[in-house]
């Protein structure tokens with residue numbers, strides 16, 4: 001009797017829901033593991049002694065030995081490469097926002113002939129493999145004395161970052177109602193004052209986010225950096241150049257040095273990633 | 001008067017910058033690829049195409065792209081759907097999913113090297129489980145297909161995040177009423193995905209596919225980190241001709257090949273995934 005009542009309950013639906021829910025959670029967990037486990041393994045290798053890194057078999061828990069990291073930081077040229085990477089990335093950040101943000105503002109606030117052409121120029125850059133620019137620019141830089149300088153590399157990285165800077169700042173400025181600015185004008189502000197007092201405070205977080213994004217683009221770029229620098233290598237160029245000769249623990253510590261700032265940057269800009277892309281699609 | 005000139009003044013720096021550092025160098029590449037000390041020539045292209053590595057290089061690059069991009073599209077759609085469905089922990093999951101977005105291809109290559117190298121984690125697991133007796137040399141020229149698989153894994157791992165971010169923001173723009181209407185007419189979750197989400201996602205899919213395909217043609221550091229020069233790809237050969245073989249003209253010819261397939265694929269996606277007129281949200 002009781003068996004029959006249990007069978008009468010519409011169990012299948014509940015089961016299907018439960019199975020779907022289980023699949024959903026399992027899929028989510030799996031995808032998270034897919035992203036996190038490789039990074040964790042790099043961390044394990046970085047926090048192991050050089051002997052452990054080349055030893056076999058590997059363990060899943062690091063021994064928290066800082067030998068590899070010490071070796072990496074003490075290796076000739078590493079500290080300089082790190083410094084160069086930071087300088088190039090900061091220059092890229094300043095240049096791309098300084099040049100890109102005014103353009104983004106103009107695109108969001110004005111209707112004028114030539115607007116479509118400019119947008120086309122910016123969008124066109126996306127269809128080109130930009131790091132290849134470094135090849136002819138290497139020659140041009142020798143002529144003007146910018147070869148093997150952080151500034152020269154920063155200029156190329158700025159070209160990579162400008163399309164993003166323009167589109168992102170465009171979407172950020174578009175998110176601020178023009179009525180706010182107009183209100184400031186009627187209250188006696190001129191255009192510049194209205195911008196400074198009303199628009200700037202509102203867009204500052206977004207602009208910071210896109211600046212950090214520009215920093216990350218430069219920090220991660222490998223090809224142009226390897227083409228354009230010889231003595232003044234950035235970290236990526238240094239690591240790429242020494243890949244075939246350097247010991248494993250140097251590679252892994254170097255990889256970790258590349259990854260750590262990136263983790264922080266993405267965390268810092270996570271709120272803006274979607275706002276950036278939502279409108280950049282249009 | 002200053003009011004009329006203002007937008008142009010604001011655009012001036014960006015325009016000048018792009019002219020000097022974008023259009024001019026590309027003209028230079030085109031000129032380099034067709035020039036020799038004697039003037040116009042097709043010689044760089046002849047040198048490039050008759051070199052024994054060229055066919056393999058082009059094939060490897062296109063094959064890698066053709067495998068990587070579809071996998072990324074499917075995974076990104078799955079991740080984006082998960083993120084939009086999530087109620088609790090959405091921000092944490094979203095952050096985890098977007099982590100690889102900030103990583104360089106070189107870092108991704110090094111990370112997967114830790115797994116695939118001879119004394120790496122994959123071998124440790126395989127030996128630990130007794131599947132193989134001694135660690136296998138995965139990334140040697142004898143196991144070219146393993147290098148291939150490793151590059152695919154590393155690229156899928158690293159660059160799916162950008163596709164997902166674009167798709168998530170695209171999904172956010174689809175009005176909820178469309179789903180409600182579909183539900184009223186009896187469409188299940190799968191049908192709603194096929195008939196509402198995918199068609200409405202067209203502009204985002206287009207952006208994502210164009211960006212990713214171009215980037216996939218530029219695959220470089222991942223391949224160098226995992227396979228050295230064992231697995232030649234276009235960008236690596238460009239680098240090789242520029243430095244190891246010291247022939248800038250052939251390097252420029254390679255660059256033009258990358259450019260040509262990039263533009264071809266962009267036009268392809270622009271055409272195939274164009275939004276019908278009047279169908280925007």
Taking R0 as 35 Å, what's the FRET efficiency between residue B:38 and residue B:12 from their Cβ-Cβ distance, rounded to 0.05?
0.30
In whole angstrom, largest first, the equivalent ellipsoid semi-axes that the Cα gyration tensor gives for region A:187-270 are 40, 15, 7
Taking beta carbons within 10 Å but only from partner chains, what does the mean come to for residues B:25-32?
4
Which three lengths, in whole Å and largest first, does the protein assembly as shown cover when its Cα atoms are put on their principal axes?
95, 71, 46
Once residue A:33 and residue A:123 are pulled to full extension, the length gained, defined as 0.36 nm per residue separation minus their Cα-Cα distance, is 28.9 nm
At q = 0.08, 0.13 Å⁻¹, what log₁₀ I(q)/I(0) does region A:69-280 have when each alpha carbon counts as one equal point scatterer in the Debye sum?
-0.34, -0.80
Name all residues of region B:212-246 having a backbone nitrogen under 16 Å from the label point set 7 Å from the Cα of residue A:139 along its Cα→Cβ direction, giving them as ranges.
B:239, B:241-243, B:246
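When the gyration tensor of region B:126-220 is built from Cα positions, what are the square roots of 5 times its three eigenvalues, in whole Å, from largest to smallest?
Over the Cα atoms of region B:126-220, the semi-axes work out to 41, 19, 9 Å.
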Calculate the tail of P(r) for region B:34-272: the fraction of all Cα-Cα distances greater than 27 Å, expressed in %.
48 percent
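Once every DSSP H run of n ≥ 4 in chain B is given -39500 (n - 2.57) and the sum is divided by its residues, what mean residue ellipticity at 222 nm do you get, rounded to the nearest 500 deg cm²/dmol?
Helix-only estimate at 222 nm: -22500 deg cm²/dmol.
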Scattering profile of region A:64-179 at q = 0.09, 0.19, 0.21, 0.23 Å⁻¹ [log10 I(q)/I(0), Debye over alpha-carbon scatterers]
-0.38, -1.03, -1.14, -1.24
Output field shielding_mean for A:95-103 (other chain Cβ, 10 Å radius) holds 4
Can you give the FRET efficiency for residue B:134 and residue B:59, using 1/(1 + (r/R0)^6), R0 = 35 Å, r = Cβ-Cβ distance, to the nearest 0.05?
0.60
Ranked highest first by the average count of other Cβ atoms within 10 Å around their residues, in what order do B:59-69, A:42-52 fall?
A:42-52, B:59-69
Hey, could you get me the Stokes-Einstein D for region B:151-201, Kirkwood radius over alpha-carbon pairs, 4 °C and 1.567 mPa s, rounded to whole µm² s⁻¹?
104 µm²/s
Taking 30 Å as R0, compute the FRET efficiency from the Cβ-Cβ separation of residue A:23 and residue B:185 and round it to 0.05.
0.75
Cα convex hull of region B:226-281: mean projected area in nm², to one decimal?
6.2 nm²
Each label sits 7 Å from Cα toward the beta-carbon; between residue A:40 and residue A:80 the label points are separated, in nm, by 3.9 nm
Peptide-level mean, for B:77-88, of C-beta atoms on other protein chains within 10 Å
2
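By per-residue mean of other Cβ atoms within 10 Å, what is the highest-first order of B:85-96, B:258-269?
In descending order of packing, they fall as B:258-269, B:85-96.
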Could you order the peptides B:229-237, A:99-107, A:193-201 from most to least packed, using the average number of other C-beta atoms within 10 Å per residue?
A:99-107, B:229-237, A:193-201
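Values quoted throughout were computed directly from the atomic coordinates according to the rules given, and no laboratory measurement underlies them. The structure displayed is predicted, hence computed values, not measured ones. Here Cβ is always computed from backbone atoms with ideal geometry, including for glycine, and neighbour counts include all displayed protein chains.
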